[in-house]
1. Mind listing the long-range amide H neighbours of Asp180? Cut-off is under 5 Å, sequence gap 5 or more, other chains count too, H placed in the peptide plane at 1.01 Å from N.
2. Relative contact order (percent) for the chain, with alpha-carbon contacts under 8 angstrom and 6 or more residues of separation?
3. Using +1 at the Cβ of each Lys and Arg and -1 at the Cβ of each Asp and Glu in the chain, identify which of Leu136, Ala168, Leu195 lies farthest towards the dipole's positive end.
4. Grab the beta carbon distance between Asn48 and Arg342, set R0 = 41 Å, and tell me the FRET efficiency rounded to 0.05.
5. Can you compute 3J(HN,Hα) from phi for each residue in the stretch 133-149, using the Karplus curve 6.51 cos²θ - 1.76 cosθ + 1.60 with θ = phi - 60°, rounded to whole Hz and x for Gly and Pro?
6. Hey, how many Å between the Cα centroid of the stretch 160-207 and the Cα centroid of the stretch 248-304?
7. List residues of the stretch 332-349, by number, whose backbone nitrogen lies under 12 Å from a label position 7 Å along Cα→C-beta of Ser270.
8. Could you pull out every residue, at least 5 positions away or on a different chain, whose amide H is within less than 5 Å of the one on Cys101? Hs are placed 1.01 Å off N in the peptide plane, and Pro or chain starts have none.
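Where a number appears in this text, it was derived from the coordinates with a stated rule and is not lab data. Quantities reported herein were computed from a predicted structural model and do not represent experimental measurements. Counting neighbours? That spans all protein chains shown, and the Cβs are built from the backbone with ideal geometry, glycine included.
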Amino acid sequence: MSVLDLARAEVRALQAYSSARMEARPAEVMLNANESPWCLDGDSLGLNRYPEPQPEQLCARLGALYGVRPEQLLVGRGSDEAIDLLVRAFCRPGRDAIAICPPTFGMYAVCAAVQGAAVQSLACGADFRLDVTAMLSTLSPAVKLLFVCSPNNPTGDLVPLADIAQLAANLADRALVVVDEAYIEFADSPSAASLLAEYPNLAVLRTLSKAWALAGARIGSLLADAGVIALLRRIMPPYPLPLPSVTAAMAALGGDGEQRMQRRARKLASERERLRCALERLPGVRAVYPSQANFVTVRLDDATAIWHALAAQGIVVRDVGRYPQLANCLRISVGTPEENSRLLDALAQRAEVA
Ligand SMILES: *Cc1c(COP(=O)(O)O)cnc(C)c1O
């Protein structure tokens, strides 16, 4: 059985839209896409032309960065787009389901709801750790996609690669295991991409939105079996990647861009530990969860009051109290050293008043 047999039959049978850019490579005289023959004054990028559907140079660079062949990679508008494409390609409305391990990133359930797919929530163990044996024994047969976020948003904990391998091995021919590694650059663990060769039913989400400092460019990648990638390319809109975003990504990824990114990630991780230690000492703080990401989640006596006190000082953090098991929790993104100090000062001041 191929992993593609898990996908919706109508999507597999689909005749994909064939865009002008797909049918012919750029030529000297381009009269095939109803574009403007003129650039605007000051346009140095050539924005009068449609962009490449999957820009060759960007795909080659991202493939090298993530350790996959170009045919194992899909680049989209953030990893959010890949989540949506996966759900649409694999889940039949009203029949199939996704599985998630709450508390976790909200987009998986939103994409499932839009598609009309059910969401099975799997219980996690103490300290938000996944219990692989329990997950496998309770997983519904309707589940086509199991989303595992590592490091997890909003708890910050990492899922061991051995657990991911065990899930993929046990779900072969049954479901695709999708590992969301939006924060992996901040963690001291390698990517699950190294397991792709062994498990065709594994997929990995990566993004330039966090450690690469390009959230505004909207560039995310899906790494998966070449057949899965080819299938998703067929249901993706024809020109998903705006040229200015591709240009910004190429600039960030070129030269010593990777070393710069790593320096930022290391600095951020050290600030995260400084924040964690300082937060643990503050009165009113019940727990600071160990994090491998670029945020820390804290449990407080009164999260709403602290949220408002910080907002009054011009500091916004995320109230994650509505997530299961996270009552009275705030998620605090790690900022610059100055911003983190400002946050700690505001919290200490408030503690004095109380
Ligand atoms: C931020 C984040 C993403 C990134 O989404 P993009 O669409 O690539 O910006 C993906 N997954 C999780 C869990 C996130 O927190």
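1. For Asp180, the qualifying residues are Val148, Cys149, Ser150, Leu205.
2. Working: 616 pairs, mean separation 60.0, N = 354.
For the chain, the relative contact order is 17 percent.
3. Checked the options; the winner is Leu136.
4. Numbers: r = 45 Å, r/R0 = 1.10.
Rounded to the nearest 0.05, the efficiency is 0.35.
5. Computed from phi, the couplings for the stretch 133-149 are 4, 5, 4, 5, 6, 9, 5, 6, x, 6, 6, 9, 10, 10, 8, 10, 9 Hz.
6. Cα centres, the stretch 160-207 to the stretch 248-304: 23 Å.
7. 337
8. For Cys101, the qualifying residues are Leu122.
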